[in-house]
Each structure stands twice: as C-alpha cells, then as structure tokens.
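The values are calculated or read from the model by the stated rules, or taken from the named source; none is laboratory data. From a predicted model like this one, the values you see are computed outputs, not experimental measurements. Here the Cβ positions follow ideal geometry from the backbone for every residue, glycine too, while neighbour counts run over all protein chains shown.
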C-alpha cells in the first residue's frame, strides 16, 4: 500500500522528493497542497540552497582586517561607564569615516559689516584719532549754517533733507555760536570773509532735520576740541533719496578733522595718503581739486585699489575760516571724509548697498568677510 | 551737481585745438570737471561740474575758457563791460523797470547780442545755460529767471512791471491761445511748474516793449512771437529778472562772455530803476560790479605749506585766468567778470593751488602727536556684543527709518512719542526707529526659511521724543535681542538676561509691567540701581500675528546709555 507507507514515513520526517519512486511521487502530488495544508494530508515544502563565497576583493578585505587585528568587537562612542570601569582597556575603538559631511552649526557671530566698521575705527584710533558721536536729530544750524552753507543752498532743499515733523524746531541754539555764525553768513563777521550777504533766518536755523552729513559732528566738535587734536566719527546719515542699489534711506559716513597750528595743504595730502594706504590698501594715490561748501581749498583723493581699480576714496579740505572762526577756533582745521561703504561691499562680496542692512537672518549668517 | 552736454564741434572750436578723451580727463580737474561720457555717435561730451559756486563753468564756453587759460596762461578780455566809472554806449537800447515791479520781482536787466547766426549747437547751448543758471544757481527760477528774445522785433525801450494778472495777456510759447497771466499759471505746463513762485503776489512780472508787444511773463514763459528764438536768428536780446541784483548781474556777465566767446558782438542795454540799487538807478549791462580781492602772502604760504615766490603766485593765478599783482606782503587780484566766488582770501589760495598744480605739492605727515580712542559708548557696546555672541546670538544691523505699519501698527502701540518725518519720500521711511524690537521682528518675519533656533541681536541707535532735551528728542544706544524657536520661552530669556548682567557686572531686578507688545505676566521691566533700563518678555501672539510670525518669540531691549 503506497498510501500507508508514504504517510507513515511522512509522519516521522519530511520526505525527500528525490528519494521517492514514481508511484509514491504520484501519490504525494495528488494529496498535497503547496500552500495551507488544511484539508489535505500532505503539504509540499520547497527549499532552495544558496552558497556564498568571498570574491577576491572580499578576500583582500578579510586579509586586511585580520592583519589590522580588527575583530568586530570594537567600541563605538566613548561612554562614562566605559571610562569608569576601564572596559576600554580590553578593547579597541572603531575608527570613524573622516569624510562624512558634518552637521551644520549656527554659531553666535558678529555682523561682518559691523566688524569691518570696527576695524576702520580701530585703524583710525591707531593713527591717533579720537572718536566722536552725536544725536540723529539735528537742526539746520549745525546741519548747514555752522558749515557756512547759505540757507538758500540747493542741498538744503526739502527734496534733499528729511525734516522732523514734531517738534519742528529746536528750543534754542547755543550762543555765542548762533550770533557769530549768523553774522558770518550776513557780512563775514570778523572771519575776514565778506559773507553771503543775505539776511540770516533765525527761525529757519532752529528747524530740525535728520542729520544729512557726518560733517555736522565735526562742526559740533570744534567748540570744545583740543589743539592739536585729531577726531573721527562713523555717523549714520539720512538723505531724501530714492532707495536703490547705490542709495540707502540711511547710511554711514566716516568723517573727521585734524586741528593744529601748522597743518596745511601738504599735511592734508599726507593725511589722505596715509588713509589711502592704511585704510584702503591703495597701490596708487591721485589728488584732484574738489568742491565742498565748507572747505577751501578742497581736495578729492582717488586711489587705485588692487581689486576695484581707480575710484574716489574721499573728499577733504581745509575748513573755511567762516566755519572755524565762527565756532571759536583760530588754527587751521583739516576736514576729511572717506567713502568706506564701497570697500565694505567688496570686503563682503556684495554689490548692493541695501544688503548692508538686510533683515534676512540666513543671509547675514552665511556672510563672510574677505 | 550740474551736468552739461556739449557738442564736439562747438567745444573744439572754443578750445582751438581738439583734445582726446584722455587729454580731457587729464586737464578737466582744473575746472573741477569730470568727463562723464562721450557719445561718439551724437558727437556729445557729457561733463559734470563739481563747483556749485562757479556757475561760469556750467557751459561749453565756460569750461573751454578755463582750460584755455590754464593751457595758454591767458586772461580772457572783454571790452563790453561798463563800470561805475566808465559807461559803454548803449546805442539807445533801454530797459525800464516800473515801480510796480517792487511788489513781485524787483529787478530786471538785459543786454543784446548780434553778429552770429544761431545754429543748432548754439541754440542748444543757450537753452542749457539758461536751464543751469536758473535751476541750479537761480534756485529753480526763484532768484534768477532768464529769457532769450528776437532783438530785431523789439521796439526799445523794453518795460518791466508788475501787471494785473487778470488783465495782462498774450499768446505764450507752445500755445495758440491768448491767455491772461493767471490763466497761463493754470493752463500752461510752465505755468503749473513756475507759476507758484509769484502766485501769491498782487501783481505778476510782465515784460513788453514800447510798441506793447509782449516779450514774456518772467519767470514763467516767453511769448510765442518775440520770445520764440530759432535756428537762423541773428539778433538776440537777453533778459534776467529776480530778487538780488548781484546774482542777476553775474548771470548776465556769464552769458555775455559765453556769447562773445561763441562769436557774438555784445550790445549793452541801459537798465533804469525807479528805486536806488547798490549800483545806482541806471546800470548799463553787462556791468562789472565785483570788488578787487587780496590775500596776505604769509597766510597763503602757511595754508599751502609752501614758500611760493610772488612771481610763482602771479603765474599760478594767470593759469587760472585771474590777473594778479604782488608786493612784499600781499597778492591783489582783479576778479574776472564772470566770477563772484572770492568771499575770503582762502578762495585766492585755492586758485593758486590749482594754477600751480596739485602735483607740485609733496604730501607730508602731520607732526602733532595725539592719542586715539573710541568713545565710552563704543567701548561698552563692544563688551555687550562680545557677551551676546558668546550666548549664541547673531549680530544684525538695520536701517533707522521705517513705516508706521512696522513701528506702530504691528507693535500694537500708539506711537505717541515717536519721531515722524515731515516730508517722507515714501511711507516705508516715515518714522525714526524708536526701538530695536520692530527691526528684530521684521527679521523674524522674513526668515522663516532660516534654520531654527533664531537668536539675533543689535546694538544700535534709537530715537524718540523727550521734552527735557533742547531738540525735544533723544537718541539712545540700545541693545535689542530676540529668540525664536518652537521651545523658546520666558525661562530661557530670563537665563540669558541673568548671564548678560552677570558679565556686565551690573545688578538688576525684574518688575511687573503691562505692555501690549508682550504676554501679560510673562514680561517685565529691568531695573538697575533704581532706574528702568529695559524691558523683556514673551512677544504677544497678537503682535506675532501682525508680523506673520508663527514661531514662539521672546525679546528684550536695554538702554545701554543708562546701564553704562
């Protein structure tokens, strides 16, 4: 009986198909299911045998591991228990891959533009300059009158300067400077000038504006300046301008003065040369006559920068006696201003002034100075 | 700064010899000019003039005159100027100013020119001179307005009066309609632009000839007939009206010299006033009104730092087209007819400097030894920045002007002590920043893409109203900082403040406050030595919502001037 014989054998252990004769195979085929044995006495089990061998590369790796004495039991992260128990002494450390991309960190950082301005300040300090500062709201007296800009000067127009709405006027202007400046405008006072020959407006002079030029701070420093003295400031200024890549609503100006009995045109040129080399890294320096309402003579300094080529680094001059004498100073005063934003942009790899004051955190985070 | 366009042909003929662009660039600084561009196709030089007190340089003839003087050491001579002592024959040409003009525009002067046919280049040059003189020097025609007319149509004398704006009438240039002066102000483009200069006066300026033919309504518009100068005209009349006689005489002198340089013969006109002027009641124009100027040689040498000889000084001035004499102590100059910018001896010093050549002055370093130092505020700010960076904050830098929306509406405050700009260019820059916090929140609102946590700070200036100050405002140095992340809150902020004050070596206590910018009970004032120095807290969700921020945010702001 084939059936009895097969079932008896199958109840002890699985039958090997290759060991059955044809009759038995036929019986098994008719009485088994491939999946789910329910309802049939037998089920078929299919087996596959797979053999692995090392390739040549694998064999080489195996040889290398054996040669390096690595067993697979190596340590991962160093743990406190590992250290306190000394278990690390009985094992070795698993080496890490050196080239896995590191995770990003967000460090606390200075703003590179701020760092650049600080560098300029430190540079000027190292050249013997003392820093000055002042309020953002000024009046027409300091913003223009004290600089001998006539009250009808086009740069003082409503389309050039921001007026403060309220309070529209300062309470008073400090004497004796108000009287001295007013007379200087009208008839030269005792400055040796003939003045602008118009009637000085004492109401207009108190009108308040947003500081439009850093030179305001130079003028305000004069009444209490030391002689000899060197001063500078990095002043936020405001102009009535369309905001674009080259004009900001507010921006920094770097300005200063040098007071001394013996300062003159040649020392002014020397000063400009020093700035050109020390602050701007200039390769060549060129001076040309310039014009500013408050200096005479006036000089522009142009430099050849290793990256930017030729450009105008700044304006300067000797303050007009109408400016200095009216503010109580009897020695010549060199006045200078440097356009450092252009170098700051280059330093930061930017080409749009608006970017200097961007609110975009990611942009500032990623910014590097050169 | 004035910019002019000059036709190559005209410029070259004025210079005598043509220059290459490189040669122009090299020599332009003598006139404080810059070559802005050279349109080869249109044959136009674009020139920028930097000296706003030298209107004589704002024309092709003016720049060329300065360059030629410098090159040839020549002084331009003009023989048509009357002086207080000597009057040139005006050939019966008169300009009569009537008493009524005093009510609106007290001065009008003029001269005529002939002997040269106006070509296109000259016409453009004249129009440009008019525009530069009247806009830049004449404050948009307020103090100087200039008109050019066809002299051969004029029956002298010319009359200038204050006329009834509703009765005086004529056909203005570029229109066919006969309009009263007031109608011109309302209808003509130039009336809309320049009418406001005289609109509030009882009478309007009116210029007409003895045959009652209208020349113009200065400073607004010429008539369509006598006032329409065209290519081919040969006889011109120039008129200048305004508020100050010196400025008008200078403008007339400049245009007369320019015309003479371009080949015109200048015909003087006697100008008669019904009232006294600095130069009498009858002035024959062009009129030389300038006073001689002088400078001590000692002062000049001290300013330049160079012991130039008297001869070198005279030579340098000659290069500038200025006639000079020296004695032992002084240099005396005759101010050129077309200039009026010698206010002080330093103005002579500068001309000597330019004429002698800047390259001939060797730079020297100032000898005086001085001590450099930063301000106390800057030193303290640096200390604060170092601690903030150590706490993991990114330093930001912001603009100091912003909008009502940013500083007031989004912050849910009334802004009653904020400084407002009276003439904002746009509503984006209408207020001065009263606090650093809106700047920090703006950052947060535009930085949702930046990996969190956000920790940012700024040390910068703020300003707001303060009645105790002379200006009614105060500018302060503030630290502001902000944190934003899903788990940012009061506790972390409190720890940061504590750490900051510890390393600044300042004591502080926290006091309750009610402030719409922060969540009640999770904010407070920082008080140091009995003085409120700052505020801090969890930013109120209503404020965050206004800014479009969806991340929990804390902020703190400290007045460093009070803490220092």
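Determine whether region A:153-162 contains at least one residue that is touching a strand residue (DSSP E or B) at 6+ places or on another chain (Cβ under 7 Å), surrounded by fewer than 24 Cβ atoms within 10 Å (Cβ to Cβ) and modelled with pLDDT under 95. Scanning region A:153-162 turns up at least one residue that is touching a strand residue (DSSP E or B) at 6+ places or on another chain (Cβ under 7 Å), surrounded by fewer than 24 Cβ atoms within 10 Å (Cβ to Cβ) and modelled with pLDDT under 95. Quick check: is even one residue across region B:355-364 over 30 Å from residue A:354 (Cβ atoms), within 7 Å of another protein chain (Cβ to nearest Cβ), under 32 Å from the mean Cα position of the chain (by Cα) and part of a loop (DSSP other than H, G, I, E, B)? Yes, region B:355-364 contains a residue that is over 30 Å from residue A:354 (Cβ atoms), within 7 Å of another protein chain (Cβ to nearest Cβ), under 32 Å from the mean Cα position of the chain (by Cα) and part of a loop (DSSP other than H, G, I, E, B). Has region B:78-100 got at least one residue that is surrounded by fewer than 20 Cβ atoms within 10 Å (Cβ to Cβ) and part of a helix (DSSP H, G or I)? Yes, the conditions are met somewhere in region B:78-100.
Remark: residue B:147 matches the filter, which requires a residue to be more than 14 Å from chain A (Cβ to nearest Cβ) and closer than 20 Å to residue B:210 by Cβ. When residue A:122 is tested against (1) assigned to a loop (DSSP other than H, G, I, E, B); (2) within 14 Å of chain B (Cβ to nearest Cβ); (3) out of contact with any strand residue (DSSP E or B) (no Cβ under 8 Å at 6 or more places or on another chain); (4) surrounded by 10 or more Cβ atoms within 10 Å (Cβ to Cβ), just one condition goes unmet, and that condition is (1). Being more than 32 Å from the chain's Cα centre (by Cα), at pLDDT below 95 and buried (at least 20 other Cβ atoms within 10 Å of the Cβ) holds for only one residue in A:291, A:198, and it is A:291.
Any residue at all in region B:295-306 that is modelled with pLDDT of 95 or more and part of a strand (DSSP E or B)? Yes, the conditions are met somewhere in region B:295-306. The set of residues in region A:3-17 being assigned to a loop (DSSP other than H, G, I, E, B) and either in contact (Cβ under 8 Å) with a residue 60 or more places away in the chain or farther than 13 Å from residue A:43 by Cβ (or both) consists of A:13, A:16.
For every residue, the table says whether it meets (1) touching a residue at least 12 places away in the same chain (Cβ under 8 Å); (2) more than 9 Å from every other protein chain (Cβ to nearest Cβ); (3) within 14 Å of residue A:238 (Cβ to Cβ).
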{"residue": "A:127", "(1), (2), (3)": "yes, no, no"}
{"residue": "A:130", "(1), (2), (3)": "yes, no, no"}
{"residue": "A:134", "(1), (2), (3)": "yes, no, yes"}
{"residue": "A:138", "(1), (2), (3)": "yes, no, yes"}
{"residue": "A:147", "(1), (2), (3)": "yes, yes, no"}
{"residue": "A:155", "(1), (2), (3)": "yes, no, yes"}
{"residue": "A:162", "(1), (2), (3)": "yes, no, yes"}
{"residue": "A:170", "(1), (2), (3)": "yes, no, no"}
{"residue": "A:187", "(1), (2), (3)": "no, yes, no"}
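When B:504, B:440 are checked against the criterion of being more than 9 Å from chain A (Cβ to nearest Cβ) and either under 27 Å from residue A:142 (Cβ atoms) or modelled with pLDDT of 95 or more (or both), a single residue qualifies: B:504. Evaluated against (1) within 30 Å of residue A:121 (Cα to Cα); (2) surrounded by fewer than 19 Cβ atoms within 10 Å (Cβ to Cβ); (3) out of contact with any helix residue (DSSP H, G or I) (no Cβ under 9 Å at 6 or more places or on another chain), residue B:378 falls short on exactly one condition, (3).
Among the residues of region B:318-354, those that are within 14 Å of chain A (Cβ to nearest Cβ) and assigned to a helix (DSSP H, G or I) comprise B:319, B:345, B:346, B:347, B:348, B:349, B:350, B:351, B:352, B:353, B:354. The residues listed here are A:112, A:107; of these, the one that is touching a helix residue (DSSP H, G or I) at 6+ places or on another chain (Cβ under 7 Å), farther than 30 Å from residue B:366 by Cβ and within 11 Å of another protein chain (Cβ to nearest Cβ) is A:112. Residues in region A:250-283 that are more than 22 Å from residue A:119 (Cα to Cα) and more than 8 Å from chain B (Cβ to nearest Cβ): how many? Qualifying residue count, region A:250-283: 3. Picking from residues in region B:29-45 that are touching a strand residue (DSSP E or B) at 6+ places or on another chain (Cβ under 6 Å) and within 14 Å of another protein chain (Cβ to nearest Cβ), the one that is farthest from residue A:287 (Cα to Cα) is B:36. For region B:464-484, check the following and say yes or no: at least one residue is assigned to a loop (DSSP other than H, G, I, E, B) and over 43 Å from the mean Cα position of the chain (by Cα). The answer is no; no qualifying residue exists.
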